[in-house]
C-alpha cells in the first residue's frame with residue numbers, strides 16, 4: 001500500500017513556485033550583497049605583486065659557484081662531490097640564499113620595513129616579509145621571486161633588490177673561498193722562496209770556502225733527477241693539504257694523491273739506498289743522499305747543498321704555477337646570477353578582486369535567498385496545519 005503523502009511535503013514544481021513568488025526578494029538580496037561587497041572591496045587597500053626572475057646556472061662537473069675554489073680540475077670534482085650531494089647544487093644554493101635570514105635582514109634594512117609595517121619588533125617585520133615574499137622554481141629551471149606590497153613601485157624595487165643581494169652574497173662567498181686558497185698557496189710560496197734564498201747563500205759560501213768544486217756530469221745528473229722528484233713530492237704534499245680542507249681521507253682524489261706521493265717516496269728511497277732498502281719496512285727517511293762512490297767528503301757536502309738547491313727551485317716553480325692559476329681563478333669575473341626579467345610596477349592589484357568577490361557574494365546571496373524563501377514557506381505551512 002502506498003503511504004499517504006504528507007501535506008507539509010512539497011514537490012519540485014511547488015518548490016519552484018515558492019521561489020518564483022519570492023523572486024523579487026531574492027533578487028533584491030543578491031543585488032544588495034553584490035553592491036555592498038563591490039563597494040567594500042573598492043574601499044579596502046589594494047595589494048600589488050611584482051615578480052623578478054633569475055636563471056639557475058647549469059649543473060656540471062666544471063660549472064657552478066665552486067669551480068674557482070680549487071687549484072686544479074681534479075680537486076674541483078671532489079669538492080663538488082663531497083660538499084654538495086644534491087643533483088642540482090647550484091640551484092639549491094640560490095634558493096637557500098634567497099630564503100636565508102641574511103637576505104631577509106638586508107631587505108628589512110634597505111626598505112625600513114619595521115617602520116613601514118608599523119611593527120614593534122624586528123623579528124615581526126622579518127616574519128611579515130616572509131609572508132609577502134614567495135620564492136618558487138619552475139620546471140624550466142627559472143627561479144621567480146614574487147613580492148607583495150600596497151605600493152606597486154616598492155614591490156618592484158624589493159623584488160629587484162632580492163636579486164642584487166643574491167648576486168652580491170654569492171660573489172662574496174666564491175671570492176672569499178678562492179682568496180683563502182690563493183692566500184694559503186702564496187704563504188707556502190713565500191716560505192719556499194725564503195728557504196731557496198738560504199740554500200743559495202749556503203751553496204755560495206761553501207763554494208767560496210772550497211774554491212768552487214765541480215761535480216762530474218754523472219753525479220750532477222743524479223742530483224738533478226733526485227731533486228726534481230723531491231720537489232714534486234713536496235708540491236704534491238701541499239696539494240694534498242689543500243685537498244684535505246674539503247675532502248676526507250677516504251675520498252678517491254685524496255687516496256690517489258697519497259698513493260702518488262708514496263710511489264715517489266719509494267723511488268727516492270730506491271735512488272738513495274738501493275732496491276733492498278726501498279722495499280724494507282721503515283726504510284724511508286726524512287731526507288735522501290745520492291750515493292757517490294769514491295767521492296771525497298767535500299764533494300758529498302757540495303752534492304748535498306746542490307741537491308737542496310735543486311729541490312727548492314723545483315718547489316718554487318711548481319708553487320708559482322699554482323699561485324698564478326689560483327690568482328686567475330680569483331680574478332675571473334663570471335656573472336654567477338643571471339637575471340632573466342626585472343620586476344616592474346604592477347598596474348592591476350591582485351587583492352582585493354572586486355569583480356570576483358562581488359560575483360561570489362551574489363551567488364551566495366542567491367542560495368541564501370532561496371533557502372530563506374523555502375524555509376519561510378515551510379514554516380508557514382506547518383503553522384497552518386497546526387491551527388487546522
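For the ranges 228-240, 194-206, what's the packing order if you count other beta-carbon atoms within 10 Å of each residue, average per peptide, and put the highest first? Walk me through the numbers on the way to the answer.
Values: 228-240: 18.8, 194-206: 14.1.
Descending packing order for the listed peptides: 228-240, 194-206.
Under 1.5 on a/c is rounded, so check that first for the range 88-139, then, if it is not, pick prolate when a/b is larger than b/c and oblate when it is not; a ≥ b ≥ c are the square roots of the alpha carbon gyration tensor eigenvalues. Don't skip to the answer; put the middle values down first.
Values: a/c = 3.23, a/b = 2.36, b/c = 1.37.
Because a/c hits 1.5 or more and a/b exceeds b/c, the range 88-139 counts as prolate.
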Protection-proxy order for peptides 362-368, 156-162, each taking the mean of Cβ atoms within 10 Å per residue, highest first = 156-162, 362-368
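Bear in mind that the values in this text are calculations on the coordinates, not laboratory data. Because the structure is predicted, anything quoted here is derived from the model rather than measured. Here the Cβ is made from the backbone with ideal geometry for all residues, glycine too, and neighbour counts use every protein chain on show.
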